[in-house]
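What follows is a short report on a single structure.
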Amino acid sequence: KEGVSINKSLFTLGKVISALSEYFQAKKKVFIPYRESVLTWLLKDSLGGNSKTAMIATISPSASNVEETLSTLRYAKQARQIINIAKVNEDSSAKLIRDLKSEIEKLKAAQMSSQGIQSERYKVSQKEINALKLKLNQQEREMAESQRRWRERLEQAEKRKLEEARELQKAGITFKVDNSLPNLVNLNEDPQISEVLLYMIKEGQTRVGKQGPNSKHDIQLSGGLIADDHCVIQNQNGTVSIAPLGDANTYVNGNLIDESMVLHHGDRVIMGGDHYFKFNHPLEVQCGRASSGSALLGEGPKGFEFAKNEL
């Protein structure tokens, strides 16, 4: 299958070079099939774009390879007929400033070399120099202002990105995972959406509560059985414990808890009766320690059905 894909890419490359050769020979509009393979799409700018490209054709002196040699030479002949005109990618404002500075230097040199010039012409040249200086200063101010606005927009975009990442993390969607931190993963009766949401347990205190527009909780859950302040998870020196707040129903391995309880790798945590989680502790896994209900003991993984039957 990989060989077929490679042959298809090389065949498409030959078609592209043939089409480009025909375009530069006949100077007529020809369809270039760049999109027919990933290879030609990646080489689009190199083959017929704004670039200088060198192609090396290797041939064999052996008579037994004469057919391959002739085919390679015909391939190279077509490639030679492709003419790319490369241009420097340059900002128009920077080019204008460079041209203005060059013009000023020329005028200064002309001024210095013509001491015997008539005073009227000297005044005209001086005015032109001053006008160019003013134009140059204006262009530099506009460029500085443009760069300042761009930096401000970039900083605002970075702030929005961080805020959105924090909000998503509260909902269990994490893009950057710290493999050393303990975490909770969701359990669901549908295996396709089970263990999809990941809630990191940071060092210190992690508060769990109901999701809302003004909620300040680190983990936000929805549902009628979730209290505004549901529970608190403490992570101190690698030891993780969970404590319910008020009358909020919180279960660990099927048991309703009313005080702080230490969590171990593999424990099932249920909040409000309809939010099922499995607790993971990477440090305990490395040390080979886990709770009596953990999959480390060889009893197999404990999923949603097991956690539901524990209640």
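In percent, how large is the relative contact order of region 1-93, given Cα pairs closer than 8 Å and 6 or more residues apart? Can you show the working numbers first?
Values: 78 pairs, mean separation 28.6, N = 93.
Relative contact order of region 1-93: 31 percent.
Largest GNM mean-square fluctuation across S18, S62, S241, computed for the chain with C-alpha springs under 10 Å, falls on S62.
Solvent exposure of the chain, expressed per residue, is 68 Å² of accessible area, with all protein chains present and a 1.4 angstrom probe. So which GluC sites (Glu not before Pro) in region 1-42 end up in coil per DSSP with only 13 or fewer other C-beta atoms within 10 Å? Nothing satisfies the criteria.
In plain terms, the chain is cut at each of the trypsin sites (Lys or Arg not before Pro) found in a DSSP loop with at most 15 other Cβ atoms within 10 Å, and the longest leftover piece is 88-175.
How big is the Kirkwood radius of region 150-282, worked out from every pair of different alpha carbons and given in Å to one decimal? Kirkwood hydrodynamic radius for region 150-282: 15.5 Å. Of the labelled figures (1) 34.7; (2) 15.4; (3) 16.6, only one reflects mean projected area of the Cα convex hull in nm² as derived from the coordinates, namely (1).
Can you give the helix-only mean residue ellipticity at 222 nm for the chain, where every DSSP H stretch with n ≥ 4 adds -39500 (n - 2.57) and the sum goes over all residues, rounded to the nearest 500 deg cm²/dmol?
On the way: 8 runs with 137 residues, N = 311.
So the helix-based figure for the chain works out to -15000 deg cm²/dmol.
Listed by chain and number, the lysines whose alpha-carbon sits under 30 Å from that of K101, ignoring those within fewer than 8 places in the same chain, are K52, K87, K123, K127, K133, K135.
Taking every DSSP beta bridge that has both residues in region 181-267, what percent is antiparallel when rounded to the nearest 5? Don't jump to the answer; show the numbers that get you there.
Details: 20 of 23 bridges.
Looking only at bridges with both residues in region 181-267, the antiparallel portion is about 85 percent.
Our coupling estimate for region 189-198, obtained by passing each phi through the Karplus curve with A = 6.51, B = -1.76, C = 1.60 and θ = phi - 60°, is 5, 8, x, 5, 10, 7, 6, 9, 8, 10 Hz, Gly and Pro reported as x. Ignoring ligands, DNA and RNA, what percent of the 1.4 Å accessible area of the chain is carbon and sulfur? C and S atoms contribute 53 percent here.
Using only the Cα atoms of region 219-290, build the gyration tensor, take square roots of its eigenvalues as a ≥ b ≥ c, and label the shape rounded, prolate or oblate: rounded if a/c is under 1.5, else prolate if a/b is larger than b/c, else oblate. It would help to have the intermediate numbers written out before the result.
Working: a/c = 2.11, a/b = 1.84, b/c = 1.15.
Prolate shape, in that a/c is at least 1.5 and a/b is the bigger ratio.
Loop exposure criterion: chymotrypsin sites (Phe, Trp or Tyr not before Pro), DSSP state outside H, G, I, E and B, at most 16 other Cβ atoms within 10 Å. Applied to the chain, the longest stretch between such sites is 32-174.
The magnitude of the dipole of the chain, with charges of +1 and -1 set on the Cβ of Lys/Arg and Asp/Glu and taken from the Cα centre, is near 2740 debye. Mean separation of Cα pairs under 8 Å and 6 or more residues apart, divided by the residue count, gives the chain a relative contact order of 9 percent. The lysines whose alpha-carbon is closer than 30 Å to the alpha-carbon of K210, local same-chain residues fewer than 8 away aside, are K159, K161, K170, K176, K202, K278, K302, K308.
The values are calculated or read from the model by the stated rules, or taken from the named source; none is laboratory data. Worth saying up front: this structure is predicted, and the values here are computed from it rather than measured. All Cβ positions, glycine included, derive from the backbone under ideal geometry; neighbour counts span all protein chains shown. In case anyone asks, the SASA skips ligands and DNA or RNA and just uses the protein heavy atoms, side chains included. Shrake-Rupley method; radii C 1.70, N 1.55, O 1.52, S 1.80 Å.
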